Amino acid sequence: MSAYKNKAKYFQKLDPYFDVKYDSKERFCSYWHQINEIISLKPKKILEVGIGTGFVARYLKGRNINVTSLDIAHKLKPDVTGSVLAIPFKTAFFDVVSCYEVLEHLPYKNFKNALIELSRISKKHIILSLPDVTAVYRYNIELPRIKAIKMLISHPFPRAKIHKFDNYHYWEIGKKNYPLKKIEYDIILSGLKIIKTYRVFESYRHRLFLAEKEYFK
């Protein structure tokens, strides 16, 4: 809870979401993937936890999709102000719950509790995006008459740095003590089954997870 309070205070002083530099071309590519994962599930009711700039919610609402936004920072003008650790909705109230680039703003000790709460209010699917700083090589190969090939190849000898809290992120995948396997293991321990995970090619520091409640296996 304290992490979310810190975030709310942070946005009272700074408005990074409304800085023109925030919405880079790479971030818009990430928005596309976030929106595409939601739409592909054909949900009737969606909860977006962490409104950010509001772009994703506005886009979905503009397509007449029923989406509710929730954020701890009232200044960002979400539909509902609240914490991911105590979401004010009934169990299984939404078909899909998305939570993009949010959970790293909480101390890692709250990670599983947040996942359990996200799972509680979803009927089936949860979509996450988390920062991944694991070193990769990025290749984009385009040849005549051949479909473009885009690849992210992990560095064979990655060096995991110690994460230092910057008043924003408490942890990131790929930092020391936060390898991908640990994050995946804790997602599973929270009662979720990971359907797929991938890093956005154009914005490779964003890793998306599509998960479903374990009893749907």
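The values are calculated or read from the model by the stated rules, or taken from the named source; none is laboratory data. The structure presented is a predicted model; accordingly, all values stated were derived computationally and were not measured. Note that each Cβ is placed from the backbone with ideal geometry, even for glycine, and that neighbours are counted across all protein chains shown.
Taking A211, is it closer than 30 Å to K42 by Cβ, part of a strand (DSSP E or B) and of a type in the set (A, V, I, L, M)? The answer is yes for A211. Against the criterion of being more than 23 Å from R205 (Cα to Cα) and modelled with pLDDT under 95, K45 does not qualify. Only a single criterion out of (1) out of contact with any helix residue (DSSP H, G or I) (no Cβ under 6 Å at 6 or more places or on another chain); (2) in contact (Cβ under 8 Å) with a residue 40 or more places away in the chain; (3) not aliphatic (A, V, I, L, M) is not satisfied by R145, namely (2).
Can you find a residue in segment 41-62 that is assigned to a strand (DSSP E or B) and over 25 Å from Y168 (Cβ atoms)? For segment 41-62, residues assigned to a strand (DSSP E or B) and over 25 Å from Y168 (Cβ atoms): present. Considering only residues in segment 152-183 that are outside any loop (DSSP other than H, G, I, E, B) and in contact (Cβ under 8 Å) with a residue 24 or more places away in the chain, the one that is nearest to S119 (Cα to Cα) turns out to be I183. Counting the residues of segment 46-88 that are without any contact (Cβ under 8 Å) to a residue 24 or more places away in the chain, crowded, with 19+ Cβ neighbours inside 10 Å and on the phi > 0 side of the Ramachandran plot gives 0.
Inspect all residues belonging to segment 89-106 and state whether any of them is modelled with pLDDT under 95, more than 25 Å from F201 (Cβ to Cβ) and surrounded by fewer than 16 Cβ atoms within 10 Å (Cβ to Cβ). There is no residue in segment 89-106 that is modelled with pLDDT under 95, more than 25 Å from F201 (Cβ to Cβ) and surrounded by fewer than 16 Cβ atoms within 10 Å (Cβ to Cβ). Taking the criterion of being among the aromatic types (F, W, Y) and either assigned to a strand (DSSP E or B) or more than 15 Å from the chain's Cα centre (by Cα) (or both), the residues of segment 98-151 that qualify are Y100, Y137, Y139. With respect to the conditions (1) in contact with a helix residue (DSSP H, G or I) (Cβ under 6 Å, 6 or more places away or on another chain); (2) within 21 Å of E48 (Cβ to Cβ); (3) assigned to a strand (DSSP E or B), F89 falls short on a single one, namely (3).
Every condition in (1) touching a helix residue (DSSP H, G or I) at 6+ places or on another chain (Cβ under 7 Å); (2) in contact (Cβ under 8 Å) with a residue 60 or more places away in the chain; (3) in a strand (DSSP E or B) is met by D186 except one, and the failing one is (3). Would you check if S30 is small (G, A, S) and either touching a Lys or Arg at 6+ places or on another chain (Cβ under 8 Å) or part of a strand (DSSP E or B) (or both)? No: the conditions fail for S30.
Hydrophobic (A, V, I, L, M, F, W, C) and either touching a Ser or Thr at 6+ places or on another chain (Cβ under 6 Å) or surrounded by fewer than 17 Cβ atoms within 10 Å (Cβ to Cβ) (or both): does that describe A160? In short, yes.
Would you mind finding the one in I141, I188 that is farther than 19 Å from I126 by Cα and touching a strand residue (DSSP E or B) at 6+ places or on another chain (Cβ under 9 Å)? Just a single option satisfies the conditions, and that option is I141.
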